[in-house]
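Worksheet: the structure to be examined is printed underneath.
The values are calculated or read from the model by the stated rules, or taken from the named source; none is laboratory data. On a predicted model such as this, the values are computed, not experimentally measured, just so you know. Cβ atoms come from the backbone with ideal geometry, glycine included; neighbour counts cover every protein chain shown. Protein only, heavy atoms only, side chains kept; ligands, DNA and RNA dropped before computing areas. Shrake-Rupley method; radii C 1.70, N 1.55, O 1.52, S 1.80 Å.
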Amino acid sequence: MGKLKLLISILILTLTTVVAGVPAAIGGVPATPARKGVHRNAYATMMYMGTPRDYEFYVATRVMLRSLSRLSVDADLVVIASHDVPLHWVRTLEQEDGAMVVSVENLNNPYKGQSNFNLRFKLTMNKLYAWSLTDYERVVMLDADNLFLQKTDELFQCGQFCAVFINPCIFHTGLFVLQPSTIVFKDMLHQLKVGMDNADGADQGFIGAYFPDLLDQPMFHPSVNGTKLQGNYRLPLGYQMDASYYYLRLHWSVPCGPNSVITFPGAPWLKPWYWWSWPVLPLGIQWHEQRLQTLGYDAERPLVLIQTVLYLGIIVMTRVARPNLSKLCYRRENTKSIFLIRTGLKLIAIWSILAAYIIPFFLIPHTVHPLIGWGLYLLGSFALSCIAMNAFLLPMLPVLVPWLGIFGVLLVMAYPWYSDGIVRALAVFAYAFCASPVAWTALVKIMSCLNVSLEREGFLPRLSESAAPAGFNKLY
């Protein structure tokens, strides 16, 4: 009888461990979905907190989910979210975007001490939770920077693990197909614990080391009857078209596989959802077109309107108050003090002009549409430049030369009829080469006007001729 009780206890413990899937000693917790899925397969992505760009990736995730829904994919949409993701974000993903949110605990990254480790990849090991989604037959795991051009449900026919080689020797983990498995998941967590070799300390290096022979596997071709394949496969490049390939020819020319998904694996500050990424990178506008058709820009609209009214108010006030902006008071000092005052005013004038072109850039909501973003930037820099022009009695044209230069380079980069990326780059270089003498001439003109303004009797009166009270000179 005692042996029977012991056997039952072991059986219950074993079943509990299998269902949980994550031993506590490894640092994970069971994945807890908000509701049970209705499809056999799923598109999944992950979300975690702790980076300077959490909100931007939240927006990107929503746009990707909405675009998949718009394509009428035959699969559930799953977000693997860490426990610290704000509750109102989770509710929005579930109620407005139709996603199932699976709440997880962040997996510890044992590679944080590597010399080449990048802190922005500290929590990317959460991607391994995709193997714990055992309610599904296949899962397509996605990064938020994927732009879907068409439905890719045929990927659910692929085998136990399938990924794209956008690098000749290294597959990319921005999109891969997997068959969920508790055994594989637990083994991956064990490899994390023992510190399996990892080239970059992130999910890319870990998963690449876990499937080291994928390069030798056959290419995936979907079957006509929809039968699911067994084994590991390489995916055609058309499922992960690196945006950098586009910039060389300015059109897609990917012969292998359907041209279905664009990925943006480059610099994090040039992801397509940032308004300044276009027209620097031409594909940015395509991502924003998809956002316009799915999510929209209601979240950023109030801040855009506030800034627009503020800048227009500044322009009006500087025009109305122009005669009074230069009335300052200075203490009577000797010639050396006047020289120091003039030098300081010159530095203030130059820095105020620079600030007029820098400050608006950081005030604009990062994920606004590029046309709105650049329009608001040009309006803001013009408004703040008006303050500098009026305060230091500077001519308008030299101060606005950088403004005109920025507007011109945007037109050059946005021109849509270049034959290829090399011609486009040469055009931008030629524009910069021609604009450089103009910018230098404008700077010389500004310095010359500053000298004249600061030596004017009306701006800085001569001490011997001032009628102001003793100890002060008034600046007009």
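What to note about this one:
- For segment 248-284, chymotrypsin sites (Phe, Trp or Tyr not before Pro) are listed when DSSP marks them as loop and at most 16 other Cβ atoms sit within 10 Å of their Cβ; the list is TRP252.
- Counted over all Cα-Cα pairs of segment 37-196, pairs farther apart than 27 Å make up 21 percent.
- TYR431 accessible area, 1.4 Å probe, all protein chains in place, Å² to nearest 10: 70
- Accessible area in square angstrom per residue, segment 35-147, 1.4 angstrom probe: 40
- With contacts taken as Cα pairs under 8 Å at a separation of at least 6 residues, segment 352-443 carries a relative contact order of 26 percent.
- Look at the alpha carbon pairs under 8 Å that are at least 6 residues apart: their mean separation over the length of segment 137-251 gives a relative contact order of 34 percent.
- Calculated on alpha-carbon atoms, Rg and Dmax of segment 68-121 in Å: 15.3, 44
- The distance separating the Cα centre of segment 295-323 from that of segment 337-353 comes to 29 Å.
- Measuring between alpha carbons in the structure, the pairs from LYS271/LYS445; LYS127/LYS151; LYS112/LYS228; LYS112/LYS151 lying more than 31 angstrom apart are LYS271/LYS445; LYS112/LYS228; LYS112/LYS151.
- Relative packing of 299-309, 142-152, which averages over residues the other C-beta atoms within 10 Å, highest first: 142-152, 299-309
- Near the amide H of PHE176, within less than 5 Å, lie the amide hydrogens of MET141, all on another chain or at least 5 residues away, with H placed in the peptide plane.
- With N counted as the residues of segment 180-315, its alpha-carbon radius of gyration over 2.2 N^0.38 Å works out to 1.50.
- Between segment 188-209 and segment 360-378, the alpha-carbon center distance in angstrom: 39
- Packing, as the average of other Cβ atoms within 10 Å across residues, places the peptides 343-351, 365-373 in the order 365-373, 343-351, highest first.
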